[in-house]
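One structure is given below, encoded as C-alpha cells.
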Amino acid sequence: MESGRRANLPLVDVMVLAKALHTNPICLIYPIGYIAEVQRLPYEDRTAPWEAMCWFTAQDGGPLADRDMLRYQREHIQALSEAQAAMASESYAQYAVQHVTSATEQAEALREQAACLERIDKAKQRLRVARSFIRRDRGLLPYLPPELADVDPDEPETDTPEENL
C-alpha cells in the first residue's frame with residue numbers, strides 16, 4: 001500500500017490496520033481533526049470530514065432504507081443503559097432505606113428509591129416501544145438481561161387445547 005502498488009484497500013484491511021494502530025476504522029477513513037476536506041465517495045465534491053463520517057455512520061439527515069431500524073436500535077441501547085443505571089441506583093437506595101438511622105434520612109432514602117423506580121419504569125417503557133418497532137419491522141431483537149425479562153410480553157401459546165387431543 002505504501003509503495004503505491006495497491007490502488008484500493010479492502011474494508012477488512014482498514015479494520016485490521018485500525019486495530020494495529022489503536023484507533024477506530026472510521027478515523028482512518030475520515031480523519032476528523034487532521035484534514036479540512038475529504039471525498040465522501042470517489043468522484044464526489046469534497047466535504048468536511050465530520051459530514052462524511054455522519055453519512056457513513058447514518059447520523060446525517062439523508063434518506064436511507066434502514067434509517068428507522070438504526071434509530072430503533074440506538075433507542076434500545078440508550079433505554080437499556082438507562083434501565084441498568086436506574087436499577088443499580090435503586091439497589092443502592094434500597095440498601096440505604098434499610099440502613100439509615102433517623103426518620104429524616106429514611107424519608108429521603110424512600111424518596112430516592114421511588115425516583116429510581118420511576119426511572120426504571122420509564123426506561124422499561126422506552127425499551128418496550130423500541131422493541132415493538134423492531135419486532136414490527138422484522139428486525140433482530142437485541143439481547144435483554146434476565147433482570148429485564150419482564151419488558152417483553154409473554155409469548156402466546158402456540159398449542160391450543162384442541163391440538164393437544
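Summary of values
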quantity	calculated
Unit charges on C-beta of K, R, D, E only; dipole of the chain, Debye	840
Longest segment of the chain lacking trypsin sites (Lys or Arg not before Pro) that sit in a DSSP loop with at most 14 other Cβ atoms within 10 Å	7-137
Whole-percent carbon and sulfur share, accessible surface of the chain, 1.4 Å	56
Farthest toward positive dipole pole in the chain [+1 Lys/Arg, -1 Asp/Glu at C-beta], among Y143, I26, A103	I26
Nearest-20 debye value, segment 1-88 charge dipole, Cβ charges on Lys, Arg, Asp, Glu	260
Charge dipole magnitude, Cβ of K and R +1, D and E -1 - segment 32-127, Cα centre, debye nearest 20	140
Per-pair calculated FRET efficiency, R0 = 30 Å: R5 and D66 via Cβ, rounded to 0.05	0.25
Placed amide H near R40: partners under 5 Å, 5+ positions off or other chain	T47
Relative contact order (%) - criterion: Cα under 8 Å, at least six apart; region: the chain	15
Rounded to 10°, Cα long-axis angle of helix 11-20 versus longest principal axis of the chain	70
Residues of segment 56-130: accessible area per residue with a 1.4 Å probe, Å²	65
Reported label for calculated Rg/Rh (Cα atoms, Kirkwood Rh) given [x] 1.02; [y] 0.94; [z] 1.17	[z]
CD proxy at 222 nm, helix term only [per DSSP H run n ≥ 4: -39500 (n - 2.57); per residue of the chain; nearest 500]	-18500 deg cm²/dmol
Distance in nm between pseudo-label sites at Q78 and A96 (7 Å out along the Cβ direction from Cα)	2.6
Förster radius 25 Å - calculated FRET efficiency between A36 and M15 (Cβ-Cβ, nearest 0.05)	0.45
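The values are calculated or read from the model by the stated rules, or taken from the named source; none is laboratory data. Remember, predicted model here, so these are calculated numbers, not experimental data. Using ideal geometry, Cβ is built from the backbone for each residue, glycine included, and neighbour counts are taken over all protein chains shown. Accessible surface is based on the protein model in full, side chains and every heavy atom, while ligands, DNA and RNA are left aside. Shrake-Rupley method; radii C 1.70, N 1.55, O 1.52, S 1.80 Å.
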